[in-house]
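S.K.: Quick one: the structure is below, and I'll ask about it shortly.
The values are calculated or read from the model by the stated rules, or taken from the named source; none is laboratory data. Since the structure is predicted, the reported quantities are computational estimates derived from the model, not experimental observations. Cβ placement follows ideal geometry from the backbone for every residue including glycine, while neighbour counts extend to all protein chains displayed. Note: accessible area is taken over every heavy atom of the protein model, side chains too, but ligands, DNA and RNA are not part of it. Shrake-Rupley method; radii C 1.70, N 1.55, O 1.52, S 1.80 Å.
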Amino acid sequence: MNGLINVNGDSVQALEIIFFTTLIALLPSLVVMTTSFTRYIVSISFLRNAMGIQQTPPNMVLVGIALFLTLFTMGPTFEAISEEAWTPYLNEEITQEEFFERAQTPLKDFMLRQTEPSSLELYCNMSDTQLPQTDEEALSLPIRIVTPAFMTSELKKAFQIGFYLYIPFLLIDIVVSSTLMSMGMIMLPPSMISTPFKLLLFISLDGWNLIFSTLVQGFQ
């Protein structure tokens with residue numbers, strides 16, 4: 001009898017180890033899909049392309065910036081998950097199922113605050129799920145509906161930010177190109193002349209502080 005109990009206990013522990021190993025393997029994808037990381041990395045990539053400096057800053061730097069801004073933005077959410085789900089689970093006060101139910105609530109609350117109603121309605125209609133009318137009903141939606149709705153809204157907002165970032169640098173390109181054509185310097189690449197002016201504009205406006213503060217304050 002004792003041997004059977006030990007075997008069952010070892011089996012449960014082995015399943016938990018396999019489950020958490022799989023969760024760790026999927027963690028990068030979860031970070032991208034359920035946090036503010038997507039908006040940060042896409043917006044900063046648009047900024048780099050708009051300035052015409054394709055390899056500066058390097059991709060590793062952009063990912064690092066987006067990651068730490070994500071940790072800063074998601075701090076309250078992660079703290080809520082730790083207090084309501086992770087700590088009780090480590091203390092064996094709740095089961096694994098209760099852990100995931102509790103962990104989803106702060107995360108879904110964050111995502112729903114950033115999700116546009118039209119995106120949420122789209123995925124509710126496609127999944128034949130009734131559109132929630134209150135915040136409590138929205139929190140009861142499954143994560144498989146909230147996550148794609150959140151991702152769609154984040155991509156839309158990131159592309160809108162990219163559009164606004166392109167405008168001032170595009171104007172510089174137009175002015176430089178027109179000036180070079182009027183001077184008959186057709187063979188000189190406009191990007192060679194416009195890039196220093198773009199950098200000067202960005203530095204004069206304290207661009208990094210402006211961009212980071214705007215992105216962070218954009219999250220509700």
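S.K.: Can you run the Rg to Rh ratio on the chain? Use alpha carbon positions and the Kirkwood inverse-distance Rh.
M.R.: Radius of gyration relative to Kirkwood radius: 1.14.
S.K.: To continue, here is another question. Give the accessible surface of the chain per residue, rounded to a whole number of Å², with probe radius 1.4 Å and ligands, DNA and RNA excluded. It would help to have the intermediate numbers written out before the result.
M.R.: Working: 13740 Å² over 220 residues.
Ligands and nucleic acids excluded, the result is 62 Å² per residue.
S.K.: Moving on. As a test of the formula, what do you get for the chain when each DSSP H run with n ≥ 4 contributes -39,500 (n - 2.57) and the sum is divided by the residue count, at 222 nm and rounded to the nearest 500 deg cm²/dmol?
M.R.: Theoretical 222 nm ellipticity from helices: -25500 deg cm²/dmol.
S.K.: If you wrap a convex hull around the C-alpha atoms of region 113-188 and split its volume per residue, what is the figure in Å³?
M.R.: Numbers: hull volume 9.0 nm³, N = 76.
Dividing the Cα hull volume of region 113-188 by its residues yields 119 Å³.
S.K.: Between residue 197 and residue 156, what length comes free when the chain is fully extended (0.36 nm per residue of separation minus the Cα-Cα distance, one decimal in nm)?
M.R.: Additional length available on full extension: 11.8 nm.
S.K.: Say a paramagnetic label sat at a point 7 Å from the Cα of residue 29, along Cα to Cβ; which residues of region 83-105 have their backbone N under 19 Å from it?
M.R.: 104
S.K.: Still on this model: Test of understanding: extend the Cα→C-beta vector of residue 113 to 7 Å, then name every residue of region 31-47 with backbone N under 16 Å from that spot.
M.R.: Label zone hits: 34-37.
S.K.: Regarding region 16-133, what are the three Cα extents along the principal axes, ordered largest first, in Å?
M.R.: 53, 35, 26
S.K.: In nm, to one decimal, how far is the modelled label at residue 53 from the one at residue 206, with both set 7 Å along Cα→Cβ?
M.R.: For residue 53 paired with residue 206, the spin-label model returns 1.9 nm.
S.K.: Calculated FRET efficiency, residue 133 and residue 22, Cβ-Cβ r, R0 30 Å, to nearest 0.05?
M.R.: Using R0 = 30 Å, I get an efficiency of 0.25.
S.K.: Could you order peptides 56-66, 166-176 by the average number of other Cβ atoms within 10 Å of their residues, highest first?
M.R.: Going by the mean number of other Cβ atoms within 10 Å, highest first, we get 166-176, 56-66.
S.K.: Here's a follow-up. How would you rank 37-50, 80-93, highest first, on the average number of other Cβ atoms within 10 Å across their residues?
M.R.: Put in order of decreasing packing, that is 37-50, 80-93.
S.K.: Taking N as the number of residues in region 64-113, what is its Cα Rg relative to 2.2 N^0.38 Å? Don't skip to the answer; put the middle values down first.
M.R.: Numbers: Rg = 12.2 Å, N = 50, 2.2 N^0.38 = 9.7 Å.
Working it through for region 64-113, the quotient is 1.25.
S.K.: Between residue 183 and residue 214, what is the label-to-label distance in nm when each label sits 7 Å out along the Cα-to-Cβ direction?
M.R.: So the two model labels end up 2.9 nm from each other.
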